[in-house]
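Here is the structure we will look at.
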Amino acid sequence: MATSAPLRSLEEEVTCSICLDYLRDPVTIDCGHVFCRSCTTDVRPISGSRPVCPLCKKPFKKENIRPVWQLASLVENIERLKVDKGRQPGEVTREQQDAKLCERHREKLHYYCEDDGKLLCVMCRESREHRPHTAVLMEKAAQPHREKILNHLSTLRRDRDKIQGFQAKGEADILAALDTRDFLNRYPRKKFWVGKPIARVVKKKTGEFSDKLLSLQRGLREFQGKLLRDLEYKTVSVTLDPQSASGYLQLSEDWKCVTYTSLYKSAYLHPQQFDCEPGVLGSKGFTWGKVYWEVEVEREGWSEDEEEGDEEEEGEEEEEEEEAGYGDGYDDWETDEDEESLGDEEEEEEEEEEEVLESCMVGVARDSMKRKGDLSLRPEDGVWALRLSSSGIWANTSPEAELFPALRPRRVGIALDYEGGTVTFTNAESQELIYTFTATFTRRLVPFLWLKWPGTRLLLRP
């Protein structure tokens with residue numbers, strides 16, 4: 001689409017006379033003419049004297065250069081207006097979606113303050129608070145960190161390849177030993193030379209390498225999750241909508257914490273309130289962009305000491321079984337004691353099924369989702385969530401998909417990529433990726449919590 005005459009005239013007003021492009025970080029010199037800040041640094045003094053203005057040839061002092069932040073804002077608006085003229089109504093540019101704006105001035109963040117460790121817009125950079133500080137462009141500040149990340153990834157890949165090589169060699173040795181045993185079984189009356197059996201130390205080393213490989217792979221997933229959260233997504237502060245909260249739920253005064261009461265206490269049903277399901281929606285919705293928030297699960301009896309104790313006990317039991325010679329094909333043999341314990345196991349399974357009913361769900365939902373009556377709360381109903389209980393973790397799909405993260409998450413990270421059509425869940429403490437939903441979003445999405453678990457609280461972070 002051709003540019004209109006008024007817009008073309010405005011473009012000429014915000015064009016730098018040196019580079020003939022839009023003014024970038026515009027500054028004014030002593031004579032009043034305006035250029036890009038980078039262009040003024042390229043102006044060289046003539047015969048050792050002061051540099052002169054490229055337009056009027058008047059000398060100026062570089063220490064007198066001052067920013068024109070109003071003009072910088074005008075340039076951004078003209079660029080946005082030019083793009084909007086060629087776009088259909090209701091569309092939003094990718095640049096607007098991905099742009100991170102200053103919360104105070106609603107301007108783009110171009111600079112990084114090395115003294116305070118904050119991102120700054122042009123107005124913040126020239127404010128009294130940050131003017132004496134050292135501020136550099138974001139691209140320049142990010143370069144050293146990118147190099148460190150790439151170097152770290154390169155080191156991790158080399159370690160992974162080395163461990164995989166050791167593991168492959170160990171597995172080959174084990175397979176060779178198994179083939180030798182099978183050959184001897186087929187020809188028992190023949191005498192053959194048999195190599196030395198694999199030493200116990202070699203088997204132990206092979207197991208250690210396998211554990212290191214798994215740990216490395218988990219570390220890579222955690223590193224990927226951290227990059228996903230810190231570099232791609234904007235962390236947002238969300239609160240709950242009290243008018244949507246079920247009568248079974250009780251919200252805190254700041255609308256960031258919810259507990260289950262077991263008794264229906266609502267005196268009035270709002271049209272948007274859950275009546276049967278103990279659910280609640282967030283008050284803030286999203287129709288574009290990449291956003292991230294966390295949900296902390298506080299459960300009575302969930303302590304790190306208990307988990308560490310359980311892990312130690314399991315390790316000791318496994319060692320005792322190995323020393324006793326178990327695991328050589330006797331697991332399927334049943335004894336009279338085993339038959340007597342079948343009844344007890346069935347009772348335990350029934351108890352576990354009852355425990356599964358006490359759980360919570362965290363995720364996102366369409367703000368137009370159905371809220372009356374019994375709901376399945378699946379993606380086809382406009383809900384993308386994880387279900388957590390004492391027994392485990394499931395993706396609330398149809399049918400449910402049981403998940404097996406390395407650690408039970410006490411703080412779940414939720415990363416929503418609206419245009420990309422994904423909802424990714426991570427362990428916010430270890431950064432381990434847990435599960436990713438894929439869908440096409442067309443409606444406004446809001447945070448979603450569901451709680452039917454006495455003694456448990458859900459808290460929104462930050």
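Summary table
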read-out	value
Hits in region 417-439 - residues which are aliphatic (A, V, I, L, M), at pLDDT below 95 and in a strand (DSSP E or B)	LEU433, ILE434
Qualifying positions in region 107-151 - within 19 Å of VAL68 (Cα to Cα), assigned to a helix (DSSP H, G or I) and open to solvent by 40 Å² or more (accessible area, probe 1.4 Å)	MET123, ARG125
Tally, over region 42-57, of residues that are open to solvent by 40 Å² or more (accessible area, probe 1.4 Å) and at pLDDT 80 or above	5
Residue within region 381-389 that is open to solvent by 60 Å² or more (accessible area, probe 1.4 Å) and part of a loop (DSSP other than H, G, I, E, B) present	no
Options THR442, THR397: the member that is β-branched (Val, Ile, Thr), free of Cβ contacts under 8 Å to residues at least 12 places away in the same chain and not in a strand (DSSP E or B)	THR442
The one condition in (1) polar (S, T, N, Q); (2) modelled with pLDDT under 80; (3) closer than 19 Å to ASP25 by Cα that GLN143 fails to fulfil	(3)
Filtered residues of region 355-380 (kept if of a type in the set (Ser, Thr, Tyr), open to solvent by 30 Å² or more (accessible area, probe 1.4 Å) and in contact with a Ser or Thr (Cβ under 8 Å, 6 or more places away or on another chain))	SER376
Members of region 400-432 that are charged (D, E, K, R) and either closer than 30 Å to ASP275 by Cα or in contact (Cβ under 8 Å) with a residue 60 or more places away in the chain (or both)	GLU400, GLU402, ARG408, ARG410, ARG411, ASP417, GLU419, GLU432
Every pair of residues 6+ apart whose Cβ atoms lie under 9 Å, when the first sits in region 8-24 and is touching a residue at least 60 places away in the same chain (Cβ under 8 Å) while the second is of a type in the set (S, T, N, Q) and open to solvent by less than 50 Å² (accessible area, probe 1.4 Å)	GLU11/THR3
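The values are calculated or read from the model by the stated rules, or taken from the named source; none is laboratory data. This one's a predicted model, so the numbers in the text were calculated from it and none came from an experiment. FYI the Cβ positions are ideal-geometry reconstructions off the backbone, even for glycines, and counts take in every protein chain you see. SASA here: full protein model, heavy atoms, side chains in, ligands and nucleic acids out. Shrake-Rupley method; radii C 1.70, N 1.55, O 1.52, S 1.80 Å.
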